[in-house]
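The structure appears below as structure tokens.
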């Protein structure tokens, strides 16, 4: 094969991964690689978390060791498969790389979750929709109104466009399949260890900070992608930009606002507000202005924006890979 065909094969890996995701989605299986990464995190945590009360410094060191061991294990396993791909030729490398990238991205899973909630809302079954929302958010859902259910769903779709799509694609572009897998491991550690409760305040701090660092650039790329998507879809792209400039830094996460704020601005809705966790109220700064009341159709619009943002970035990434790999 010529260099042109090698470059072309590399370039279509992200497209192929997205096609596989579109066809098969994110299967709910105990053998899914992300589930296995979660099991690895739990195993190492159980081994390293002290059985007796410990000083914050000791907890942070143990948390750092947990992060290092998880990244090392995932990196070595992924590198082994990439090595096999290189030894087996371009077709095997292409196939393994596409499969590795596929298991790190979640566009169809986001769309599936959002549309299930959308249809339950259209059916008027608030009891079922509250229970379904609890699968994808950490807040209490038992007494949420329709507007709050929509808000929680749209916030999840917006923020997970960064975590579940743009970030793994970004690190694949920079570092190949190993980069995408290591990002997914880091993000999974944050979702499992990055809490500010008594157990994880110090033990999970390194994992949380790592996730903040990893998502810093991709979150800002997501903002640009949402603004571009709003323009193409004839939504309020100017407001998406203005609201991001005004509100994004108010978000408790250094990155979350750069996904939620442009989504809120494009849809002319307001995200954020009061959430309840185990009955305790927490206020999250508002993103956007309530020009329009949140309704079920906003979930569909957010999913369309997510898919379009993904398509734009995948096309851009494939072009970059073609000319640089």
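Quick note: the coordinates plus some simple rules give every number you see, no bench work behind them. Predicted model only: the values in this text are computed from it and were never measured. Positions of Cβ are generated from backbone atoms using ideal geometry, with glycine treated the same way; all protein chains shown enter the neighbour counts.
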_For the chain, what does the helix formula give at 222 nm: sum of -39500 (n - 2.57) over DSSP H segments with n ≥ 4, over the residue count, nearest 500 deg cm²/dmol?_
-24000 deg cm²/dmol
*Using the beta-carbon distance between residue 212 and residue 19 and R0 = 22 Å, what value does 1/(1 + (r/R0)^6) give for FRET efficiency, to the nearest 0.05?*
0.10
*asked:* Calculate log10 I(q)/I(0) of the chain for q = 0.07, 0.10, 0.13 Å⁻¹, where I(q) comes from the Debye formula with a single equal point scatterer on each Cα and nothing for solvent.
replied: -0.29, -0.60, -1.01
*Quote the FRET efficiency, to the nearest 0.05, computed for residue 31 versus residue 199 with a Förster distance R0 of 22 Å and r equal to the Cβ-Cβ distance.*
0.20
*Do you know the relative contact order of the chain, to the nearest whole percent, from alpha carbon pairs under 8 angstrom that are 6+ apart?*
22 percent
*How many angstrom lie between the C-alpha centres of segment 255-325 and segment 160-181?*
18 Å
*asked:* In segment 86-118, whose amide N lies under 11 Å from the spot 7 Å out along Cα-to-Cβ of residue 5? List them in ranges.
replied: 90-91
*Could I have the simple spin-label model distance between residue 71 and residue 54, label points 7 Å from Cα toward Cβ, reported in nm to one decimal?*
1.9 nm
*asked:* I need to check one value: relative contact order of segment 166-310, counting alpha carbon pairs closer than 8 Å and at least 6 residues apart, in percent.
replied: 18 percent
*Arrange the peptides 241-250, 260-269, 177-186, 273-282 so that the one whose residues have, on average, the most other Cβ atoms within 10 Å appears first.*
260-269, 177-186, 241-250, 273-282
*Give the calculated FRET efficiency between residue 191 and residue 322 to the nearest 0.05, with a Förster radius of 35 Å applied to their Cβ-Cβ distance.*
0.60
